[in-house]
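The values are calculated or read from the model by the stated rules, or taken from the named source; none is laboratory data. Bear in mind that the values here come from a model prediction, so they are computed numbers and not experimental data. Heads up, the Cβs are rebuilt from the backbone with ideal geometry, glycines too, and the neighbour counts pull from every protein chain shown. Heavy atoms of the whole protein, side chains included, go into the accessibility calculation; ligands, DNA and RNA do not. Shrake-Rupley method; radii C 1.70, N 1.55, O 1.52, S 1.80 Å.
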Amino acid sequence: MDNFTFYAPTYFAFGRDTEQDTGKYVRRFGGSKVLVHFGGGSVVRSGLLDRVKKSLEGEGIAYVELGGVKPNPRSGLVYEGIELCRREGVDFVLAVGGGSTIDSAKAIAAGAVYDGDFWDYYQGKLVEHALPLGTVLTIAAAGSEGSPDSVITHENGMFKRGATGEGLRPKFTILNPALTQTLPPYQTACGVTDIMAHLYERYLTNTTDVECTDRMIEALMLTMINEAPKVMADPNDYQARANILWAGMMAHNNSCGVGRSQDWASHDIEHELSAVYDCAHGAGLAVVMPAVFTYNMQHNVMRFAQAAVRVWGCEMDFAHPERTAKAGIEALRSFLISIGMPKNFAELGAKEEDIEKMAHSACHGDARTGSIGGFVSLNQQDVENIYRLML
C-alpha cells in the first residue's frame, strides 16, 4: 500500500424528510445568500425545490435561483452561474438534483472566486478555493455529493473533462433515499452502472498488497449486485434504495481508493461518447467497461480473476486463469444487460466513422498528452481498438 493523506469532511444527513433541514445546514456552514442550482423537471414537479426553498426561508436565508442543468452539464450555464454569483453577492452554492447538477454547482463555486477562466481547473489546475457548497441528492450515481471531483463539457470543442481539489468537497449532503424512488428504471440502472465503474476504476491497480481496500470495493460491488435487481423489480423498495444511495457515495469519496494507483481509462473513453452523442454516462460506461477490461486483461490476469471469484462467484481455473478472468468480465456484461443497459455501439447511437476522432480527442484533445489510463497506458491506437471492440 502506498503512502496517502485522506480528509473527507462532508457532513451527511441521511434518511426520510432530511431535505426539510436544508436551511439549517446552510446556516450551520456559513451561508447567508445562496445560489440554488437545479435542473428542472422532476425537482420542480415533485415539490422538492419548493420544500428546499421553504427551508431556506424558514432560516431567513436569501437565495437566487439558476435552473436548466442538463445531463452532461455544459460550460455555458457554468459561466452564467459564475456571473450571477458575483453580481448577487452569493456566498454559498446549493445543488438540488443529481450528479450533473452537483458537478455544475461545483464548477460555479470554483469559478466565482477565481480570477481566471474556470476551465483552467478542467485542464489540470487543482481547486483549492471555492464558495462553500451543499447538496440535496436525487439519484445514486456519480458520487459527486461526497467527492472532490466535477465533470463538465465545454461547448467550444465539446470536450468533456474533469476537475478535482479539496475546495470542491461539499460541506454537507442531504441523502433521502425516498427522493430516488421516482426515478425511471433506465436512470436507476445508469446510476448503478456508474457506481460499479467508480469501484472498478479503483480496483484495477498496479499497487500490491491492498487487501483492505480490495475487500471494501468488493463489498460495495456485491451490494450493488444484490440490491440493483430489487429496485428494478420494485422502485419503491426504500431499503434497497438506501443501500444503493450510501454505496454510491462510498464508491466515489475515495475511501476505497487511498494508498493505491487507479485507472480511469473507462471514464476517459466514455466521456468522448457522451460528449459527442449526449448519451447517458452510465449507459456509455456499460458498453465501454467490458471492452476496456477485455483489452487490458492480459496486463494482470490475476486481478481480473480475483474479481471474478470474489465478486461474481466464478470458479477459479488455476491451470487457465484467463478463463476465469474472462468469465468475470462476461458476468459484469450480463449483469449490466440484465438491468437494462445497452451492450454495443449501435444501442448507444454511436457511429464507427467517429472512432478515430474520439480516440484522438481522448488522448490528445484539450491539453491531453497522448495517453490515458493508470492501469495500462493506452495510446490513440489502443483507444481506437477498444472502441472497435464495442461494435
Open item on the list: Rounded to the nearest 20 debye, what is the charge dipole size of the chain about its Cα centre when +1 sits on each Lys and Arg Cβ and -1 on each Asp and Glu Cβ?
Closed with: 760 debye
Open item on the list: Spelling out what I want: for every residue of the range 315-331, take phi, set θ = phi - 60°, compute 6.51 cos²θ - 1.76 cosθ + 1.60 (Karplus), and round to whole Hz; glycine and proline get x.
Closed with: 6, 7, 9, 5, 6, 9, x, 5, 5, 5, 4, 5, 5, x, 5, 5, 5
Task: Charge-dipole axis of the range 301-391 as Lys and Arg at +1 and Asp and Glu at -1 on Cβ define it, positive-most pick from C363, G313, M302 - done: G313
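Whenever you get a sec, compute what percent of the accessible area on the range 31-134 sits on carbon and sulfur atoms (1.4 Å probe).
Numbers: 1950 of 4090 Å².
Of the solvent-accessible surface of the range 31-134, carbon and sulfur hold 48 percent.
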TODO: Find, to one decimal place in angstroms, the Kirkwood hydrodynamic radius of the range 320-375, where the mean of 1/r is taken over every pair of different Cα atoms and then inverted.
DONE: 14.1 Å
Open item on the list: Tell me the per residue accessible area of the chain using a 1.4 Å probe; a whole number in Å² is fine.
Closed with: 39 Å²
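Leaving out ligands, DNA and RNA, what percent of the accessible area of the range 351-391 is carbon and sulfur, probe 1.4 Å?
On the way: 830 of 1980 Å².
Exposed carbon and sulfur together represent 42 percent of the surface.
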Task: Long-range amide H partners of S150 with built H, under 5 Å - done: A163
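What translational diffusion coefficient, to the nearest whole µm²/s, does the chain have by Stokes-Einstein, given a Kirkwood radius computed over alpha-carbon pairs, a temperature of 37 °C and 0.692 mPa s viscosity?
Answer, rounded: 155 µm²/s.
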- [ ] Compare M196, M316, M221 in a GNM of the chain, Cα atoms joined below 10 Å, and give the one with the largest fluctuation.
- [x] M316
Open item on the list: Looking at the chain as a GNM with Cα springs under 10 Å, which of S46, S371, S55 has the largest mean-square fluctuation?
Closed with: S46
- [ ] Return the sequence-ordered ³J(HN,Hα) values of the range 47-53 in whole Hz as given by the Karplus equation 6.51 cos²θ - 1.76 cosθ + 1.60 applied to θ = phi - 60°, using x for Gly and Pro.
- [x] x, 4, 4, 5, 5, 5, 5
Task: Amide proton proximity set for F159, modelled H, under 5 Å, gap of 5+ - done: H154
TODO: Sum up the charges of everything whose Cβ sits under 9 Å from the Cβ of M1, counting Lys and Arg as +1 and Asp and Glu as -1, but leave M1 out.
DONE: -2
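Listed here are the pairs K70/K351; K24/K54; K160/K343; K33/K125; which of them are more than 18 Å apart at the Cα? Provide the component values of the computation, followed by the final result.
Details: K70/K351 23 Å; K24/K54 11 Å; K160/K343 22 Å; K33/K125 28 Å.
The pairs that break the limit, which is 18 Å between Cα atoms, are K70/K351; K160/K343; K33/K125.
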Open item on the list: In whole Hz and in residue order, list the ³J(HN,Hα) couplings for the range 241-250 that follow from phi through the Karplus curve 6.51 cos²θ - 1.76 cosθ + 1.60, θ = phi - 60°; x for Gly and Pro.
Closed with: 4, 5, 4, 5, 4, 6, 4, x, 5, 4
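Express the relative contact order of the range 285-339 as a whole percentage, based on alpha carbon pairs under 8 Å and six or more residues apart in sequence.
Numbers: 55 pairs, mean separation 21.1, N = 55.
Once divided by the residue count of the range 285-339, the mean separation gives 38 percent.
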Open item on the list: Of S274, Q239, G257, which is farthest towards the positive pole of the range 197-320's charge dipole, taken about the Cα centre with +1 and -1 on the beta-carbons of Lys, Arg and Asp, Glu respectively?
Closed with: Q239
- [ ] Using a 10 angstrom cutoff on alpha carbons, build the Gaussian network for the chain and name the most mobile of T208, T193, T18.
- [x] T208
Task: Mean Cα-pair separation over length for the range 228-310, i.e. relative contact order, pairs under 8 Å, 6 or more apart, % - done: 16 percent
- [ ] Determine the calculated [θ] at 222 nm for the chain from helices alone, applying -39500 (n - 2.57) to every DSSP H run no shorter than 4 residues and normalising by the residue count; nearest 500 deg cm²/dmol.
- [x] -15000 deg cm²/dmol
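Roughly how big is the range 233-347's charge dipole about its Cα centre, with Cβ charges of +1 (Lys, Arg) and -1 (Asp, Glu), in debye to the nearest 20? Kindly include the intermediate steps, with their values, before the conclusion.
On the way: 8 positive and 12 negative charges, 67 e Å.
Around 320 debye, computed over the range 233-347.
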Open item on the list: Going by amide H atoms built from the backbone, whose H comes under 5 Å of the H on R260, apart from near neighbours?
Closed with: D2
Open item on the list: At a 10 angstrom cut-off on C-beta neighbours, averaged per residue, how do the peptides 322-335, 2-15 rank from highest to lowest?
Closed with: 322-335, 2-15
Open item on the list: Please list, by residue number, every one of the GluC sites (Glu not before Pro) in the range 249-320 that is coil in DSSP and has at most 10 other beta-carbon atoms within 10 Å.
Closed with: E315
TODO: Could you work out the local net charge near Y277, counting Lys and Arg as +1, Asp and Glu as -1, over the other residues with Cβ closer than 10 Å to its Cβ?
DONE: -2
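Please state the relative contact order of the range 68-139 as a whole percent: Cα pairs under 8 Å, 6+ residues apart? It would help to have the intermediate numbers written out before the result.
Values: 94 pairs, mean separation 27.7, N = 72.
In percent, rounded to a whole number, it is 39.
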Task: nm² value of the averaged projected area, convex hull over the Cα atoms of the range 231-390 - done: 10.7 nm²
